[in-house]
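For reference, the structure discussed in these notes is given below.
Values in this text are rule-based calculations from the coordinates and carry no lab data. Keep in mind that this is a model prediction, so the values were computed, not measured. For neighbour counting, all protein chains shown are included, and Cβ atoms are generated from backbone atoms with ideal geometry for every residue, glycine included.
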């Protein structure tokens, strides 16, 4: 099973190297192999769930570099695998209009490999390198349209992203100066004996850097630009996976497993989380650009995840990680919906839409499912994770946070019903009379994600038991992570 | 398989079949709703039943309400066979109806709050889609789901608090006294859910908006009957089993104040409506005020009266909406001014409507009278301990008076008077449409005449315990006050009809003009009330939606959104400054 | 001592790159900075990063000359960015204080190289934050990348391939910035604000 870990990273990298060549000879083959690669990595994630004992990490070592798979990274790999699979299928037809599909596949595969690498690496420098790999591919993909908006968004994203990367790298240097190692597990053991001042500064730099990658308020300003300007499948990938793998995952790993959680960090995360929830959703409420609205909701939903995780109680972590998984599914679905609408009618402006439920029934129905999911309406998946986060807030005695989370949830519902009202309800405009449903690969991707939303909602106890709880266990180990991983690698 | 599970799952599964086969949908829905009705009777008759798989249980009280819900589903499906024939999304329409009854089973039979919340939230989806079923109701459907779904989200806090305080999510695992802020917050947040569903002020405003776009069948099904049953069920459940509301406690006074305001404000709104359906929708809000008032007393007889009123209201209100649907089908018109003289053309609908109107106005021997009488009785009983009773009593009385007045106006202008362009070719509707309304009207009579031997005994008292009625049918204070209220209503009606006694052919500017231009429509009867000094301002504020909590809050959030949006000025340096500022604060907090 | 002199040279190069009006000079002074980092890494025994850093300098010169050099610069200092400038000043002051504390905590006996490396990083941040010419912003990012490399080596890293990643980022950034200024016909970052709200 161990060998699957490097394969998860190597497979996309190898295909990234070959894709351009294969594309030159046979375009259809390149489409299919890309989908196949994502399917295989997704299959790996599922296979690992089936064959490896719960709550016990797998460690793969090569040349002193370690890859570690525990419950938390496993959840992220599954999330990334599922979203990447449907994004790849969707892109087959969506990316036709952009041209340069070979370059797209190369960048997409590099980004996927980077995400897997970040999540799997057990070493800070390796983690940083994969993080940069994913981030650089993301900058390039945001600019893929080469229009003024994508370039502007990409530039701003790039500058802020590099500033954040510098913060992270300085923090890594401080950890090395203090603990003499880049290895997460060893650092977890040694950092407990170092001076609190350096630890605190390093932690603050990590939190700022990773917080920017995950777009927590006030580090969120790049996100609405970047996620709006990127091609829709990439927006799905960015909002669905990237901000979580590079942001939330890294925060959780470093904070809980390496530095150890304290009440200060907990309150920082909760406060940033709750402000993100409210600011993100309020900004979304005023948007008329379909994708920008969705992008601001990513800020808001990341806030829920940070709030849940920041509570640092088992229930809170469970709610946060469950919401991470759910958000990946429904937000990527929403971006795919937005892309479907945009590619068919040529605009993202909600005011110019209307009556699309008759013209585009699949897009309309799946977007309704996703909207209800994100708004936390049962029986869809978002309901459960939001419920757990609110239960956890109240359990921790923070009724005010629960109240704000609920207000955020109501406003989320309001803004998505606005989308439904303006885009899908009503009479179709004259200009939209010739509109048809999107091509088959796009509808397949959307319907599958919608069904997953429903399935997770209905099978919630199983999902919690098999996917979320191992991740919660890994987080709850705290700095015991070091001992466990070092034990597992012997 | 357990009947409870079947009652929940069968409609939801068959709803999917309805989506797929739109031509067969009406038959599937008819058969399934009949099956569910039969099952619900079995469940009711078997007393207690438990399904361990989904943690459902039935007792006489909740299975009685489910029986009523199944009955209304069946009635509406039956009515829709003919009335909804031309609907474009017919498959979805029946599918949503079935999902609603399935989810209602989940709500009613739930043993714990988690299950209840799950199905409660699920009910919002078919409601949203049914309000928007004609495709033009985007705004109203949006408002409906924001208010209903938003209050569901609030319920999460209440449920979380109960879980933390009690250590258990079972409904009624322990009685929580309403004497500290935690239980009060929990109670209020659950109340928000119940109020939004039932349409109690201030969470009522989705109902009139929905009435403008939703078909009459939908109005009869959801806001008039099923949502009332479920909302008041939850209110009663939490007020009896979880947080016992003590008479004269703060919460009791709050509930009664809300009930009274709802009764009066909504009926005042109803008085000035020009749209048949919208007028009925205001009464749907007003009537729920009586239920809240009754349950809010905290006295057994008040709770019993409130619950009985819940059943009664569902019967006559769905009947009224279906009659309105028949009228709309026959004439294609919902504006009151354009209707008139339908009594001769649609005799069945007219008499049925008359009975239902008498019921809602609380005229004996129809069912509305009995439940209102019980509520009045409980208020009188309250007089022994609280001086505030007179306010509640006055509100209830004037509510009755205005209700009668507004229905007299309605009956006059829709069924009596002279026919109009829209109504002179109207015919009685198909039997499939009038039969359900006749059944409901019969029920109005049966529930009124045999109140104690049938509905109270079997449906209400299982929840409240047997109540000895003080002075039943004696010419006591309650009866007298009720009749006084009716007399006041008649007076208001007569006061509105000033002038127009002598009849002459209209003769203006030297020539005879068409009669339709001068006929007394009845829609303007109460313009005198509208023109009164203070009330005039209240009406104009209400029309500008100053009292609509939805509009207030959405205006506030839009303002906040604009402010935040202004800060995102597109400058890279601003964004970088936020980021560095964030970094400074984070590091400062950590090294402090 | 040599380390300190090297760092002082690097800081001088960085400051010149930020403040010079001629972008060609800025490119070569950035190259000097990169060279300094490389020399420092090689003398400290970090051969792989040092070698990669050396290669990156040539890539840097080539790429910046090809992409950004031909673009015309705007006049400096736009009006009305008081908020961000104030925040940056606070950030700079607090960062210097923090840098003193951190350097002292890491190496109580030889803190000056650490302090100088932080000053180098802050020079980069200064350029990114105060300049409205996107060429200068790119130069600032280059300084930050190089300075962080130097800091990593200082703190004991010897094996990493982070310079490779750094130069890849710079190449991509330069290409995107050049495309952007082509598309909009300006290199003034305060005029690049189509996306807002």
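Observations on the model:
- Note: relative contact order over segment A:160-275, using C-alpha pairs below 8 Å and six or more positions apart, is 29 percent.
- Helix-derived mean residue ellipticity, 222 nm - over the protein assembly as shown, DSSP H n ≥ 4, -39500 (n - 2.57), to 500: -24000 deg cm²/dmol
- Per-residue average of Cβ from other chains inside 10 Å of B:546-553: 1
- Surface/4 estimate of mean projected area, convex hull on alpha-carbon atoms of segment A:275-458, nm²: 9.2
- By the Stokes-Einstein formula, at 1.306 mPa s and 10 °C, segment B:147-244 with its Kirkwood radius over alpha-carbon pairs has D equal to 113 µm²/s.
- Shielding by other protein chains, A:204-215, mean Cβ within 10 Å: 3
- Estimated FRET transfer efficiency (residue A:62, residue B:546; beta-carbon r; R0 60 Å; 0.05): 0.30
- Each peptide in A:167-179, A:241-253, A:447-459 was scored by the mean count of other Cβ atoms within 10 Å over its residues; highest first, the order is A:241-253, A:167-179, A:447-459.
- Three-way shape label, segment B:549-591, alpha-carbon gyration tensor, a/c 1.5: oblate
- Cα gyration tensor shape for chain C, rounded if a/c is under 1.5, else prolate or oblate: oblate
- Spin-label model, residue A:434 to residue B:182: label points 7 Å out along the Cα-to-beta-carbon direction sit 6.5 nm apart.
- Debye log10 I(q)/I(0) at q = 0.15, 0.17, 0.22 Å⁻¹ for segment B:197-317, Cα point scatterers: -0.60, -0.76, -1.18
- Over all distinct Cα-Cα pairs of chain A, the Kirkwood formula returns a hydrodynamic radius of 22.1 Å.
- Prolate/oblate/rounded label for chain B (Cα gyration tensor, a/c 1.5): rounded
- Residues in segment B:328-347 reached by a label modelled at residue B:427 [backbone nitrogen below 20 Å; 7 Å Cα→Cβ]: B:328-333, B:340-347
- Cα-based helix-to-principal-axis angle, A:480-489 vs chain A, degrees rounded to 10: 90
- In this rough spin-label picture, where each label sits 7 Å from Cα along the Cβ direction, the residue B:48-residue A:100 distance is 7.3 nm.
- Taking every alpha-carbon pair within segment C:89-162, the share separated by more than 16 Å comes to 52 percent.
- Arranged from fewest to most other beta-carbon atoms within 10 Å of their beta carbon, A:340, B:383 become B:383, A:340.
- Gained length - residue C:104 relative to residue C:66, 0.36 nm times residue gap less alpha-carbon distance: 9.5 nm
- Neighbour-count ranking [beta-carbon atoms within 10 angstrom, fewest first] of A:371, B:406: A:371, B:406
- Sites residue B:452 and residue B:385, calculated FRET efficiency, Cβ-Cβ separation with R0 25 Å, nearest 0.05: 0.40
- Projected over all directions and averaged, the alpha-carbon convex hull of segment B:1-111 occupies 6.1 nm².
- Once C-alpha pairs closer than 8 Å and six or more residues apart are averaged by separation and normalised to the residue number of chain A, the relative contact order reads 18 percent.
- Nearest 10 degrees, 0 to 90: helix A:399-419 Cα axis against chain A principal axis: 30
- Rg/Rg_globular for the protein assembly as shown, with Rg_globular taken as 2.2 N^0.38 Å and Rg from C-alpha atoms: 1.04
- Take every Cα pair under 8 Å whose residues are at least 6 apart in sequence, average their separation, divide by the length of chain B, and the relative contact order is 13 percent.
- Among B:328-339, A:267-278, sorting by the average number of other beta carbon atoms lying within 10 angstrom of each residue, highest first, gives A:267-278, B:328-339.
- Values of log10 I(q)/I(0), in the order q = 0.12, 0.17, 0.18, 0.21 Å⁻¹, for segment A:223-305 under a Debye, Cα-only, solvent-free model: -0.39, -0.71, -0.77, -0.95
- A protection proxy built from the mean count of other Cβ atoms within 10 Å ranks the segments C:118-127, A:198-207, most packed first, as A:198-207, C:118-127.
- Per-residue Cβ neighbour counts within 10 Å put A:331, B:384 in the sequence B:384, A:331, beginning with the fewest.
- Remark: mean inter-chain Cβ contacts per residue of A:142-148 equal 3, using a 10 Å Cβ-Cβ cutoff to other protein chain atoms.
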